[in-house]
Amino acid sequence: MANALVNVTTCDWHAALPEKPTVAGQHERFLEGGKVDLCDPCTWFFDVFYARRSEILPMLQAEVLDAFNRSARRDAPARRVPAQLALAAEETDPPAEAVPETPPKAASGKRKQGKRGVWKEDVIQVRCPLPHRAGSPRKYWVDLRNRTGHAKSHKKGDGSTYEGPDIAFVLQDGQTYTHFCTEHAVCAEAGGYGFIGQDALSAHINKSKSWPPASQEAKDAAATRRQSAA
């Protein structure tokens, strides 16, 4: 955008920030709506990352960054265990510490801080059946709203990351999924990705526009699976 007084072109990306800092824009790039002016750092970021924003933004979620930071090892990496054996161990090994494995009958009103995977009384949670790092609770609880990000912190055998519908999260007692997404191939393959309320479903569909869509045949098959399970 041009400054009428001193005839200086400013960086449109910086100008879009809430603080609206004035930074000179020396380079031109093009979006669907037309041309924008960018400063040197924004031009570099645009050229390297902007086209891949749908892949990069999920990697910057707090849940993913936390899991990434916790994966750092100071010594030699531990021997990897086949997924089947790890899952079996999760069901048989004693818990690493005294952590409630099922929702308590009476809420204490206090939330455990700083510990991942523990039961919380004041949020809706699901249990993740996948193996977790040593020292984690044997039954690992995840906030329902964070399950998609938590899924991305796990890798499949081929090295790719899980999506939320790939994991058979167990919803806590007393809660029921009322809305299901079958718009995406991975959601339909799971028989429908469950949500509690239309707002949550709409938010998921809006945030997951980059996911491959499901065919009508897959949507119909998912509906049939839900009817059979009901």
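Determine, yes or no, whether Asp173 is open to solvent by less than 40 Å² (accessible area, probe 1.4 Å) and among the acidic types (Asp, Glu). Explain how you work it out, then say what you get.
Numbers: open to solvent by less than 40 Å² (accessible area, probe 1.4 Å): no; among the acidic types (Asp, Glu): yes.
Criteria not met by Asp173.
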Can you give me the number of residues within segment 175-230 that are at positive phi and of a type in the set (S, T, N, Q)? 0
Output the qualifying pairs, or none if there are none: Cβ atoms under 6 angstrom, residues six or more apart or on different chains, first residue in segment 119-133 and more than 21 Å from Gly194 (Cβ to Cβ) and touching a residue at least 12 places away in the same chain (Cβ under 8 Å), second residue of a type in the set (A, V, I, L, M, F, W, C) and not in a strand (DSSP E or B). Glu121/Ala107; Pro131/Ala86
So the check is Cβ under 8 Å with 6+ separation or different chains; which pairs have a first residue in segment 157-174 that's closer than 17 Å to Cys128 by Cα and without any contact (Cβ under 8 Å) to a residue 40 or more places away in the chain and a second one that's open to solvent by 60 Å² or more (accessible area, probe 1.4 Å) and outside any helix (DSSP H, G or I)? Thr161/Lys155; Tyr162/Lys155; Tyr162/Lys156; Asp166/Lys156
Failed condition for Phe180, given (1) more than 17 Å from Thr148 (Cβ to Cβ); (2) modelled with pLDDT of 90 or more: (1)
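Suppose we filter Glu163, Glu183 for residues that are closer than 14 Å to Pro58 by Cβ and in contact with a strand residue (DSSP E or B) (Cβ under 9 Å, 6 or more places away or on another chain); which single one remains? Break it down into steps so the answer makes sense when it comes.
Values: Glu183 fails: closer than 14 Å to Pro58 by Cβ.
Of the residues listed, the single one that is closer than 14 Å to Pro58 by Cβ and in contact with a strand residue (DSSP E or B) (Cβ under 9 Å, 6 or more places away or on another chain) is Glu163.
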Members of segment 6-40 found to be open to solvent by 80 Å² or more (accessible area, probe 1.4 Å) and either assigned to a loop (DSSP other than H, G, I, E, B) or in contact with a Phe, Trp or Tyr (Cβ under 9 Å, 6 or more places away or on another chain) (or both), listed by number: Val6, Asn7, Trp13, Pro18, Glu19, Lys20, Thr22, Gln26, Glu32, Gly33
Against the conditions (1) crowded, with 16+ Cβ neighbours inside 10 Å; (2) more than 26 Å from Asn69 (Cβ to Cβ); (3) in contact (Cβ under 8 Å) with a residue 60 or more places away in the chain, where does Lys152 fall short? Just the number, please. (2)
The condition from (1) under 22 Å from Pro129 (Cα atoms); (2) out of contact with any Asp or Glu (no Cβ under 8 Å at 6 or more places or on another chain) that Ser202 misses is numbered (1)
Restricting to segment 144-167, name every residue that is of a type outside the set (Asp, Glu), out of contact with any Lys or Arg (no Cβ under 7 Å at 6 or more places or on another chain), assigned to a loop (DSSP other than H, G, I, E, B) and on the phi < 0 side of the Ramachandran plot. Lys152, Ser153, His154, Lys156, Gly157, Ser160, Ile167
If you go through segment 177-190 one residue at a time, do you hit one that is open to solvent by 50 Å² or more (accessible area, probe 1.4 Å), free of Cβ contacts under 8 Å to residues at least 24 places away in the same chain, in contact with a Gly (Cβ under 6 Å, 6 or more places away or on another chain) and not β-branched (Val, Ile, Thr)? yes
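The values are calculated or read from the model by the stated rules, or taken from the named source; none is laboratory data. All of these numbers come straight from a predicted model, not from anything done at the bench. Note: ideal-geometry Cβ built from the backbone for every residue, glycine included; neighbour counts use all protein chains shown. Protein only, heavy atoms only, side chains kept; ligands, DNA and RNA dropped before computing areas. Shrake-Rupley method; radii C 1.70, N 1.55, O 1.52, S 1.80 Å.
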